[in-house]
Amino acid sequence: MYHRPGMWSEPHRPRRIGRYLLHGPIASGGMAAVHLGRLVGDAGFARTVAIKRLHPQLAEEPEIAESLLDEARIVARIQHPNVVATLDLILAEGEAFL
């Protein structure tokens, strides 16, 4: 995982994905980027979350996209203090978000 110079300071307009607002990237690795996100609910409810998104060029490859879906299914069953919880899986606009 690496951090690009300026990752935190680049202006970025949030993108709505279901109940979430996808903000700019926090970090990026070989297959995916992690974005700052907000879960937005009723009556002013909001929660800061991390949202994983496959790199666009990899999302077009069915085997790689399916591996992200498999990851979501597996990790959602794990509850451990050292493992980040997967709260949701969103399929939108031809992309998968965790």
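General observations
- ³J(HN,Hα) computed for each position of the stretch 27-37 - Karplus, 6.51 cos²θ - 1.76 cosθ + 1.60, integer Hz, glycine/proline x: 7, 9, x, x, 10, 8, 10, 10, 10, 6, x
- Net length gained if the chain between ASP88 and HIS55 were fully extended (0.36 nm per residue, minus Cα distance): 10.0 nm
- Counting neighbouring Cβ atoms within 10 Å and putting the fewest first, the residues ILE90, ILE51 line up as ILE90, ILE51.
- Relative exposure of ARG47, ARG19, judged by other C-beta atoms within 10 Å (fewest first): ARG47, ARG19
- Alpha-carbon Rg/Rh ratio, for the chain, with Rh computed the Kirkwood way: 0.96
- If R0 is 30 Å, the Cβ-Cβ spacing of HIS80 and ARG13 corresponds to a FRET efficiency of close to 0.25.
Where a number appears in this text, it was derived from the coordinates with a stated rule and is not lab data. Since we're looking at a predicted model, the values are computed, not measured. Cβ: placed from backbone, ideal geometry, glycine included. Neighbour counts: every protein chain shown.
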